[in-house]
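Peer 1: Mind having a look at this structure? Questions to follow.
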Amino acid sequence: MAVNVTRTRINVPGGVLAFGWLLVVLLPVYYVVLTSLRSMEGFYSSNPLLPPAEPTVDNYGRVLEDDFLRYLLNSVVVTLGTVAITVTVSLMAAYYVVRNGGRLAGLTYKAFLLGLAIPLQATIIPVYYLITRAHLYDTLLAIILPSAAFAIPLTVIILANFLRDVPGELFESMRLDGAGHWRMLFSLVLPLVRPAVVTVAVYDGLQVWNGFLYPLILTQSPDQRVLPLALWSFQGQFQVDIPAVLAAVVLSTLPVLALYIVGRRQLVSGLTAGFGR
Amino acid sequence: MTLGKRRTALLSTGLAALLTLVASCGSSGPGSAGGASAWALTGGDEQTLRTSFENWNADHSGSRINAEFFANDAYKQKIRTAIGAGDAPTLIFGWGGGTLQQWVDADKVMDLSGQINDNPALADRFLPSVLETGKIDGKTYALPNNGMQPVILYYNKELFDRVGVEPPETWDDLMALVPKFKQQNIAPLSIGGQSKWPQLMWEEYLVDRIGGPEVFNAIAEGEPGAWSHPAILEANRKIQQLVDAGGFVKGFNSIASDSAADSALLYTGKAAMMLMGSWAYPTIKDSAPEFIAEDKLGYTTFPVVEGGKGDPDNIVGNPSNFWSVSAGAGEQEKQAALSYLKDGMMNDSYVDNLLSGGSVPPVKGIEDKLAGAENPDYLSFVYNMAAEAPNFQLSWDQALTPRQGEALLNNLDQLFTKQITPEQFSANMNKTIGQQ
Amino acid sequence: MAVPALLFFGVFALVPLVGVVLLSFVSWDGISGMSWAGLVNWFNVLGDSMTYQALWLSVQVMVLSWLVQTPISMLLGVFIAARGRYRALLGVLYFLPMLLSSAAIAIAFKALLDPNFGMSLAFGIEAFAQDWLGDRDLALYVVIFVIAWQFVPFHTLLYQAGVRQIPASLYEAAEIDGAGRVRQFFHITLPQLRYTIITSSTLMLVGSLTYFDLVYVLTEGGPGNATRILPLDMYLTGFRANNMGAASVLAVLLVGTGLALALGLSRLSSFRRGSQLEGA
């Protein structure tokens, strides 16, 4: 962690750019929050960038009444389910790849590397076909399974890279104690790679939480609707009631925002999992 | 050591995964466990349909129907994937035409002719011309479920008074209005261009006014080169002239009709006119009741094109929307749906609700009811328009197959944004003739 | 122990990959049965000018996104890498867009940019009142801007991490030699960041092929076809026009372009993917 401490002069161009971009980032956020507090009449008649004369939280009430909590729950189930599957099977695969130095293990690793380059979008038609054939269409499982499959390659690679740093002697001594693969995985590997597991879990979790295409194609009924899709359908449902639609946008962001405030460090490391150096 | 704790952590992760799987499997599929279902559209007659299903479910706990409402564009996509996945709702909302034909060809919807023979009342109450739209090869696959939907030219009376002009009777009148409104900083015409199909209404009316119904009939029958008919070229040139003159509201290409932003422009006084299906009336009544109460909403027929062959009384739009029954539904669901169609739909209170909402159902002998309803003038206008029309053309995108319909909307959108010329439009569309 | 992972990956990623190639030779409307179509879909798609327009739009999005995002992310990354309380706060605010889903971002911008009810009404400023998403010449640039709004934070984070890896001694030495800040940036920071640049660029370029959600919700490919990029073209062909065969051809083109790009980039920069990822 080397930081350039000698640079004390004020960086003027950097500062200008930094604050300029800050305005760019904050303007839409400001607009969304502000509009979500407007009444319908206020929305038509007032300056959209000035605070409403009579702020109201009615819009939030309307969104919450409209099954918002169910969509939230669906999103939570899909996210936790995907992350649990992904992390569990990826950890096992990473352990195999690292501890079994054979040719097959090498090939496995290469297969996952290749997997990174497959764009998820390109496979939706066959995935749609598979899911309908398996009679999973319009279930949360229909989102979980392919989402996990596409999260696995990167997760395996990151975990494998962490495992490589575990000194071989540790495994050896445990093996001499008569420990099998499963015990090693549980009592040696898991504690050691815990930070990496948190990182990939956050990364995978955010991807799934914000995912749109799979829910769009693989589910249909409101019972199975997840948040990003719910936002999209709120648009049709609330029609011109833009304040309510934007209130839904705000509400859908709150869970992640809460997480961000509580565990910013983990979240940020998770966001750049595997790419930061 | 903390090994025990770690192990618990992994175990609980695994357990969570398992629970998730079980939970999500348990809540699978609407058709499988949840009884009969129905999907319909938001806006328009949504309230009537909602009330009807609520009443039905309250009285028939044994054959409940679970109704869901979707925005138009989302619905059209969802219903195709759902039917394709064998997971269609029991009652399928439709328009008739090419889409219905496709469902019939793939054996996805029930032939209702048998039920109608057993129960003539099921079909007898409807206007025969409208029932026809739900028939394929003489067999009935769909029954009307809401109001007739001719496309009407709506206008804001207040703005017309302010500018001191009259609603257009001819195309030249319309073109002459454009600069007058623009001078006052009012958009002459509102349109939801992002949704694409509102643009089709202009095309359909213009082609009909110029060349009559034969022009589209030739297209529907798949005559080679039918899209090159002079009436189509002429209509498309007129559309581009209107675009050039600035007839449509600024940014019309990014306005979605689904979010009813187009009618909002009309009732907030930002645009003077809007060409839209008759469902715009209930939609406006819902979001801006005072606009209707203060009699600011005007309505008239589409202008005449001088020298055109089409009868000025011809209309385009949707004769009605329809319910079809999914062939893949369980026996119990089918029975629930059929008994709803017989007793729950279009009964007295249903018709009353449609009328008070501003829709005119395609039902025989409702003249008395019309006169006694809340908005007698508007309702009679719509009823007469539909009843007296020599030709009621089903929206082209519905009459054609989905693939042709999609190509049509796309090319038309490019025509409106002037990416292609009328000649290119015809050439592109001629290629789709004969496609499935 | 790798079996479950491989199984998942195989069934939902590799099998569909093969499946999409097979489907490109099949005629299927998503509702009725499939039938063999031979090369018909391929001829139709490759003979359709829309395909090339979609491809060209995707290339434009890719190149312009890179040109816009790279300098901004790099400079911001360098700026907030330096310690300081207010910079930490800036960091917190900068990363907000990363928390939002594409759907949420698209809906927010759609409302903000609405020509009749959005920010065009604010303060009567003429420059705000553009027809942002309805003007066919403007819409693509607006889309690229919104993409940048969404992804600049992520790349800023990468560059921030990269800058913090640069040994302070390099700057101290340069300081002693009397090198100014601009010289330091070009002679130390930029060369030291080369792996970060490669990583960030690869992610940007390959990722830009797959933008779908944002554009779908924001413009649905319009006005006209002005923002109908390749993944969107594929989706609309498959799930709106019900032509799964043609959509599969487009999907194959998408995979091909993606793979070619990834391989090309790794060649071009003698890119060491393994070692890059090991740095996690």
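Peer 1: Please work out which residue is least open to solvent (accessible area, probe 1.4 Å), limiting yourself to region A:64-97 and to residues that are aromatic (F, W, Y) and facing another protein chain (nearest Cβ under 7 Å).
Peer 2: Step one: of region A:64-97, the residues aromatic (F, W, Y) are A:68, A:71, A:95-96.
In the following step, the residues that additionally are facing another protein chain (nearest Cβ under 7 Å) were identified as A:95-96.
Values: A:Y95: 4, A:Y96: 42 Å².
Among those that are aromatic (F, W, Y) and facing another protein chain (nearest Cβ under 7 Å), it is A:Y95.
Peer 1: For region C:137-148, check the following and say yes or no: at least one residue is on the phi < 0 side of the Ramachandran plot and facing another protein chain (nearest Cβ under 7 Å).
Peer 2: No, region C:137-148 contains no residue that is on the phi < 0 side of the Ramachandran plot and facing another protein chain (nearest Cβ under 7 Å).
Peer 1: Something else: Find the helices (runs of 4 or more DSSP H) located wholly in region C:14-127 whose residues include 2 or more that are modelled with pLDDT under 90, within 14 Å of chain B (Cβ to nearest Cβ) and on the phi > 0 side of the Ramachandran plot, and list them.
Peer 2: In region C:14-127, no matching helices (runs of 4 or more DSSP H) lie anywhere.
Peer 1: Further question: Since B:A71 meets every condition but one in (1) buried (at least 22 other Cβ atoms within 10 Å of the Cβ); (2) within 13 Å of chain A (Cβ to nearest Cβ); (3) under 29 Å from B:V316 (Cα atoms); (4) modelled with pLDDT of 85 or more, which condition does it not meet?
Peer 2: It is condition (4) that B:A71 fails.
Peer 1: Under the condition of being aliphatic (A, V, I, L, M) and under 16 Å from B:F69 (Cα atoms), which residue from region B:84-104 is modelled with the lowest pLDDT?
Peer 2: In this case the residue turns out to be B:A88.
Peer 1: Might you check whether a residue that is farther than 30 Å from A:L141 by Cβ and touching a residue at least 40 places away in the same chain (Cβ under 8 Å) occurs anywhere in region A:61-80?
Peer 2: Keep residues of region A:61-80 that are farther than 30 Å from A:L141 by Cβ, which gives A:61-62.
Still in the running and touching a residue at least 40 places away in the same chain (Cβ under 8 Å): A:62.
Looking through region A:61-80, at least one residue is farther than 30 Å from A:L141 by Cβ and touching a residue at least 40 places away in the same chain (Cβ under 8 Å).
Peer 1: How many of the residues in region B:342-398 are under 30 Å from B:E214 (Cβ atoms), open to solvent by less than 10 Å² (accessible area, probe 1.4 Å) and in a helix (DSSP H, G or I)?
Peer 2: Within region B:342-398, residues that are under 30 Å from B:E214 (Cβ atoms), open to solvent by less than 10 Å² (accessible area, probe 1.4 Å) and in a helix (DSSP H, G or I) number 2.
Peer 1: Among residues belonging to region A:225-240 that are modelled with pLDDT under 85 and open to solvent by 20 Å² or more (accessible area, probe 1.4 Å), point out the one that is nearest to the other protein chains (Cβ to nearest Cβ). Give the derivation first.
Peer 2: We begin by selecting, within region A:225-240, every residue modelled with pLDDT under 85; these are A:233-240.
Now drop any that are not open to solvent by 20 Å² or more (accessible area, probe 1.4 Å), which leaves A:233, A:235, A:237-239.
Values: A:S233: 6, A:Q235: 6, A:Q237: 6, A:F238: 8, A:Q239: 4 Å.
Per the stated criteria, the residue is A:Q239.
Peer 1: Also, quick follow-up: Mind checking whether some residue in region B:202-225 is closer than 25 Å to C:Q130 by Cβ, of a type in the set (S, T, Y) and in the same structural domain as B:L159 (by TED's automatic domain parsing)?
Peer 2: No, the conditions are met nowhere in region B:202-225.
Residues are listed down the side, and each one gets a yes or a no for (1) under 22 Å from the mean Cα position of the chain (by Cα); (2) surrounded by 20 or more Cβ atoms within 10 Å (Cβ to Cβ); (3) part of a loop (DSSP other than H, G, I, E, B); (4) at pLDDT 95 or above:
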| site | (1), (2), (3), (4) |
| --- | --- |
| B:R237 | no, no, no, yes |
| B:D258 | yes, yes, no, no |
| B:D286 | yes, no, no, no |
| B:G308 | no, yes, yes, no |
| B:G317 | yes, yes, no, no |
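Peer 1: Hey, C:L218 hits all of (1) at pLDDT 90 or above; (2) in contact with a Pro (Cβ under 6 Å, 6 or more places away or on another chain); (3) not small (G, A, S) but one; which does it fall short on?
Peer 2: Just one mismatch for C:L218, condition (2).
Peer 1: Of B:G269, B:G222, which residue is of a type outside the set (S, T, N, Q), within 14 Å of chain C (Cβ to nearest Cβ) and open to solvent by 20 Å² or more (accessible area, probe 1.4 Å)?
Peer 2: On the way: B:G222 fails: within 14 Å of chain C (Cβ to nearest Cβ).
After ruling out the rest, the residue left standing is B:G269.
Peer 1: Right, something else. Quick one: is B:Q115 open to solvent by 20 Å² or more (accessible area, probe 1.4 Å) and either within 14 Å of chain A (Cβ to nearest Cβ) or modelled with pLDDT of 80 or more (or both)? Spell out how you get there, then give the answer.
Peer 2: Numbers: open to solvent by 20 Å² or more (accessible area, probe 1.4 Å): yes; either within 14 Å of chain A (Cβ to nearest Cβ) or modelled with pLDDT of 80 or more (or both): yes.
Answer is yes for this residue.
Peer 1: Considering every residue within region A:187-199, establish whether at least one is on the phi > 0 side of the Ramachandran plot, in contact (Cβ under 8 Å) with a residue 24 or more places away in the chain and over 16 Å from the mean Cα position of the chain (by Cα).
Peer 2: No, region A:187-199 has no match at all.
Peer 1: Looking at (1) surrounded by fewer than 16 Cβ atoms within 10 Å (Cβ to Cβ); (2) modelled with pLDDT of 90 or more; (3) hydrophobic (A, V, I, L, M, F, W, C), can you tell me which one B:L409 breaks?
Peer 2: The single condition B:L409 does not satisfy is (1).
Peer 1: Another one. Looking at region A:16-63, which of its residues are over 25 Å from the mean Cα position of the chain (by Cα), closer than 18 Å to C:S120 by Cα, open to solvent by 40 Å² or more (accessible area, probe 1.4 Å) and within 8 Å of chain C (Cβ to nearest Cβ)?
Peer 2: Result: A:Y44, A:L50.
The values are calculated or read from the model by the stated rules, or taken from the named source; none is laboratory data. Being a predicted model, the structure only gives us computed values, none of them experimental. Counting neighbours? That spans all protein chains shown, and the Cβs are built from the backbone with ideal geometry, glycine included. In case anyone asks, the SASA skips ligands and DNA or RNA and just uses the protein heavy atoms, side chains included. Shrake-Rupley method; radii C 1.70, N 1.55, O 1.52, S 1.80 Å.
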